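Right, one structure below, let's go through it.
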Amino acid sequence: RHGSELQWENIKHCIDVGCGIGDVTKQCFLPLLPRNFKQLLCTDASPKMLEAARSRLHDVENVDFLEMDIGASLKDDHVKGVFDRFVSSFCIMYVRDQRKVFENVFELLAPGGDCFIILFSTGAIFEAFFQLMDTPKWKDKLKRFREVFVFPYREDPDPKGTIEGLLKSTGFTDILVKTDDFEFTFPTADKYKGLKNSQQSFPEFPNNMTEKDKYELLQDQVELMKSFNLIDEFRDETKPISESFFKILIVSAKKPLIQKNK
C-alpha cells in the first residue's frame, strides 16, 4: 500500500527492525530492494523471532541477522551510520520511549539515508483488550497488559504532530507522517483465519491467568468484536462498523547529508 511510494533503486544497505518471523520482510521489503543490494540486516529483540526469520530467509543472499532492542542504547558500533534505509513494520508502538527510538533510527542511518516506519496507533482488534481492561471482571487480570501493549499514540489527540516534533528535534528533514484507517472484517470467529487465531498470535503480557481465564477472555473479545460489527458471520448489514480495524501511522523522514551542530 505504501512502500512503492519510495525510491528503492539506490538502496544498498537496508535494516529491518522488528522483523519478527520475517514474513513481511520476505513478502514486502525484499521485492522492493534492487537486485544488487549489498545487505539487508534483520533485527528483533526476540531470539525466537530471529530464529524463525533466519529459517524463512535462509535461501536469500546478503541477509544478516542481529538481536537488537530499538528502544535501548545501541550496543553494536558497526551498525551505526551504515544504512541507506531503515524500515520497520508494526514494531515501535511496543516501545515506551519513542524519543529514544527515533534517536536510534537517526544513529543507524548513513547521511542522506531515510526511514520508512508503519505502526498501529490502535484499532478494533486491540480495543477489544483495552475496553475489557476497564471492566470489573478483567481489571485485575489485565492490569499489566500495557507493559507490553504500550501504544503511545492511542490516546494522543495529535499523534502526527507529536511524531513530527520528535523527528524534527532529532535532526530529521523531509518529514512525512500520515494516517491510514485500514478497513477489514473477519469472515468468522473460530475457523481458519478467524478472529481467535489472530488474537492468540499477539505477544504474551505478564499475567496470572489460567487456561480457563484465557478461554473466557477470548470469548469476551469475540463478543466485543461482534458489537463492533467486524465479524462477517454475525454482521448486521443495517448497522455501520463502529471501529476501524486498524488505525495506522505511516512515517518517513531523511537524515541530512550534512549534520548541523547541536
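The values are calculated or read from the model by the stated rules, or taken from the named source; none is laboratory data. The model shown is predicted, which means the values in this text are computed figures rather than measured ones. Backbone-built Cβ (ideal geometry, glycine too); neighbour counts: all protein chains shown. In case anyone asks, the SASA skips ligands and DNA or RNA and just uses the protein heavy atoms, side chains included. Shrake-Rupley method; radii C 1.70, N 1.55, O 1.52, S 1.80 Å.
List, please: which pairs have Cβ atoms under 8 Å, are six or more places apart or on different chains, and start with a residue in region 127-148 that is under 17 Å from Met225 (Cα atoms) and among the charged types (D, E, K, R) and end with one that is modelled with pLDDT under 95 and open to solvent by less than 30 Å² (accessible area, probe 1.4 Å)? Close Cβ pairs satisfying both conditions: Glu127/Phe228. Every condition in (1) buried (at least 18 other Cβ atoms within 10 Å of the Cβ); (2) more than 20 Å from the chain's Cα centre (by Cα); (3) not basic (Lys, Arg) holds for Phe86 except the one numbered (2). Selection within region 226-262: residues that are of a type in the set (D, E, K, R) and modelled with pLDDT of 95 or more. The member of this set that is farthest from the chain's Cα centre (by Cα) is Lys255. In this structure, Asp181 does satisfy being part of a strand (DSSP E or B), at pLDDT below 90, within 27 Å of Arg146 (Cα to Cα) and open to solvent by 50 Å² or more (accessible area, probe 1.4 Å). Pairing each residue of region 158-186 that is free of Cβ contacts under 8 Å to residues at least 60 places away in the same chain with any residue that is loosely packed, with under 15 Cβ neighbours inside 10 Å and not charged (D, E, K, R), provided the two are 6+ apart or on different chains, yields C-beta distances under 8 Å for Phe186/Ser198.
For region 95-129, the set of residues classified as surrounded by fewer than 19 Cβ atoms within 10 Å (Cβ to Cβ) and in a helix (DSSP H, G or I) consists of Gln98, Arg99, Lys100, Glu103, Glu107, listed by residue number. For region 130-151: of the residues being assigned to a helix (DSSP H, G or I) and not hydrophobic (A, V, I, L, M, F, W, C), which is surrounded by the fewest Cβ atoms within 10 Å (Cβ to Cβ)? By that ranking, first place goes to Glu147. Considering the conditions (1) assigned to a strand (DSSP E or B); (2) open to solvent by less than 60 Å² (accessible area, probe 1.4 Å); (3) not hydroxyl-bearing (Ser, Thr, Tyr), Lys247 is excluded by exactly one of them, (2).
None of Asp84, Asp64 is in contact with a His (Cβ under 6 Å, 6 or more places away or on another chain), assigned to a strand (DSSP E or B) and not aliphatic (A, V, I, L, M) except Asp84.
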